[in-house]
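Trainee: Right, I'll just put the structure down here and ask away after.
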Amino acid sequence: MRLKKFFLPLLLAVGCGEGSLGPPEGERERVVKGVAFLFIEPGTFEMGDLWGDGDDDERPVHTVEMGSFWMGKYEVTNAQFADFLNAVQDDIAMDWELVYYRGDLIYDLVCTGCRSWEDRIIYDGQGFRVRPGYEYHPVTLVTWYGAMAFSEWLGGRLPTEAEWEYAARAGGMRMRYPWGDEGPYHDGRYWMNYDPGQDDADGYWTTAPVGSFPPNALGLYDMAGNVWEWCLDWYGRDFYSWSPGRDPSGPLSGLARVLKGGSWGFPAWYGRASCRAMDDPIARFSDLGFRVVLPP
């Protein structure tokens, strides 16, 4: 289970300073190296647990002014991550954070070397490929460092926690989940991939192909469920009590990075937009992935 309360915040926060420049006139979606992005307009919102059903680290609710940014429309997929590995494998082969194993082993960013259903990207002696049927599932077992390396390859980075929540709530709207206040099963269908207590009652035992559930009002998919998503920020338990009012990006240092969104292995409560979790940046799990942010 993801840690939520162990680590303490350290030092001060800094803003990302992305500004509020808009895209070229009429451009609201763009594709970079096969990854789709949606433009997120600037705005102000009340960040945190507005309903009193979250943990203490989701409070106090505080006003945050957000600049504009581009948000990944989907979680990064196995196919996209395999493209990245094939493009950069020679350049980062000896980096300890991006350990590359030749022969039958796979890229350490993707898996620890176990041979199981979790192994969805494999090395075939010449390059990396995805096991058939998993091309459009979100990539998992990627460390924070690996997620950042992919993001930088696209010219971006991981989203800040504030950017993530602002986008998940469709520009900071007052709603528990990306679709609204209703639970994850309503109107005769499931709205996220999570653990409903009945294994695959939502249609999936583990990950689902990205975009399998309805998007939020901005057109972003899987902002709740499927996989936990790495954020840029160090985790600070009481960060909300001293967060900057514009484009906050978390404490300057810490021991764990923020995770958002819940996953296929967790109950719906963790899919609330304000829910905060965290893990060691070298952690790898079969329900942990990411999406990318580009500057405006």
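Trainee: Can you tell me which condition A273 does not meet? The list is (1) buried (at least 23 other Cβ atoms within 10 Å of the Cβ); (2) more than 14 Å from the chain's Cα centre (by Cα); (3) more than 19 Å from R157 (Cα to Cα), and all the others hold.
Mentor: If we test A273 against (1) buried (at least 23 other Cβ atoms within 10 Å of the Cβ); (2) more than 14 Å from the chain's Cα centre (by Cα); (3) more than 19 Å from R157 (Cα to Cα), just (2) comes out false.
Trainee: Can you tell me which residue is farthest from the chain's Cα centre (by Cα) among those in segment 132-150 that are farther than 15 Å from V35 by Cα and part of a loop (DSSP other than H, G, I, E, B)?
Mentor: Only one residue fits best here, namely P132.
Trainee: Which ones in segment 36-65 are in contact with a Gly (Cβ under 6 Å, 6 or more places away or on another chain) and aliphatic (A, V, I, L, M)?
Mentor: L38, V61, listed by residue number.
Trainee: Run down W153, W164 and say which single residue is touching a residue at least 60 places away in the same chain (Cβ under 8 Å), at negative phi and within 14 Å of the chain's Cα centre (by Cα). I'd like the intermediate steps shown before the answer.
Mentor: Values: W153 fails: within 14 Å of the chain's Cα centre (by Cα).
None of the other options fit; the residue is W164.
Trainee: Would you say D222 is outside any strand (DSSP E or B), without any contact (Cβ under 8 Å) to a residue 40 or more places away in the chain, charged (D, E, K, R) and within 20 Å of H137 (Cβ to Cβ)?
Mentor: Details: outside any strand (DSSP E or B): yes; without any contact (Cβ under 8 Å) to a residue 40 or more places away in the chain: no; charged (D, E, K, R): yes; within 20 Å of H137 (Cβ to Cβ): yes.
It is false that D222 is outside any strand (DSSP E or B), without any contact (Cβ under 8 Å) to a residue 40 or more places away in the chain, charged (D, E, K, R) and within 20 Å of H137 (Cβ to Cβ).
Trainee: Any idea which of D83, D91 is modelled with pLDDT under 95 and part of a helix (DSSP H, G or I)? Walk me through it before giving the result.
Mentor: Values: D91 fails: part of a helix (DSSP H, G or I).
Only one candidate passes the filter, namely D83.
Trainee: When segment 30-47 is examined, which residues are found to be in contact (Cβ under 8 Å) with a residue 60 or more places away in the chain and closer than 18 Å to D222 by Cα?
Mentor: V35, F37, L38, F39, I40
Trainee: Another question, then. Looking for whichever is touching a Lys or Arg at 6+ places or on another chain (Cβ under 8 Å), of a type in the set (F, W, Y), closer than 24 Å to G225 by Cβ and modelled with pLDDT of 95 or more here; the options are W70, W144. Which one fits? Break it down into steps so the answer makes sense when it comes.
Mentor: On the way: W144 fails: modelled with pLDDT of 95 or more.
That would be W70, the only listed residue that is touching a Lys or Arg at 6+ places or on another chain (Cβ under 8 Å), of a type in the set (F, W, Y), closer than 24 Å to G225 by Cβ and modelled with pLDDT of 95 or more.
Trainee: Sort through E75, E65 and tell me the only one that's under 30 Å from L141 (Cβ atoms) and at pLDDT 95 or above.
Mentor: On the way: E65 fails: under 30 Å from L141 (Cβ atoms).
After applying the criteria, what remains is E75.
Trainee: For residues that are at pLDDT 95 or above, surrounded by fewer than 18 Cβ atoms within 10 Å (Cβ to Cβ) and of a type in the set (D, E, K, R), scanning just segment 31-57, find the one that is nearest to G236 (Cα to Cα).
Mentor: D56
Trainee: Something else about it: Looking at P23, P60, which is the one that is part of a loop (DSSP other than H, G, I, E, B), surrounded by fewer than 18 Cβ atoms within 10 Å (Cβ to Cβ) and modelled with pLDDT of 95 or more? Outline the logic, then answer.
Mentor: Details: P23 fails: modelled with pLDDT of 95 or more.
P60 is the lone residue from the list that is part of a loop (DSSP other than H, G, I, E, B), surrounded by fewer than 18 Cβ atoms within 10 Å (Cβ to Cβ) and modelled with pLDDT of 95 or more.
Trainee: Among the residues of segment 170-190, write down those that are part of a loop (DSSP other than H, G, I, E, B), out of contact with any strand residue (DSSP E or B) (no Cβ under 7 Å at 6 or more places or on another chain) and either of a type outside the set (D, E, K, R) or buried (at least 24 other Cβ atoms within 10 Å of the Cβ) (or both).
Mentor: Selection gives A170, M173, M175, P178, W179, G183, G188.
Trainee: Mind listing just one residue for me: the one in segment 256-296 that is among the charged types (D, E, K, R) and assigned to a loop (DSSP other than H, G, I, E, B) and, of those, farthest from A149 (Cα to Cα)?
Mentor: First pass over segment 256-296, keeping only residues among the charged types (D, E, K, R): 257, 260, 272, 276, 279-280, 284, 287, 291.
Narrowing further to those that are assigned to a loop (DSSP other than H, G, I, E, B): 272, 276, 280, 284, 287, 291.
Values: R272: 28, R276: 23, D280: 17, R284: 15, D287: 19, R291: 12 Å.
By that ranking, first place goes to R272.
Trainee: Taking the stated definitions as given, is D202 under 14 Å from the mean Cα position of the chain (by Cα), over 23 Å from L50 (Cα atoms) and acidic (D, E)?
Mentor: Working: under 14 Å from the mean Cα position of the chain (by Cα): no; over 23 Å from L50 (Cα atoms): yes; acidic (D, E): yes.
Criteria not met by D202.
The values are calculated or read from the model by the stated rules, or taken from the named source; none is laboratory data. No experiment lies behind these values; they were computed from the predicted model shown. Every residue, glycine among them, receives a Cβ derived from its backbone with ideal geometry; neighbour counts consider all protein chains shown.
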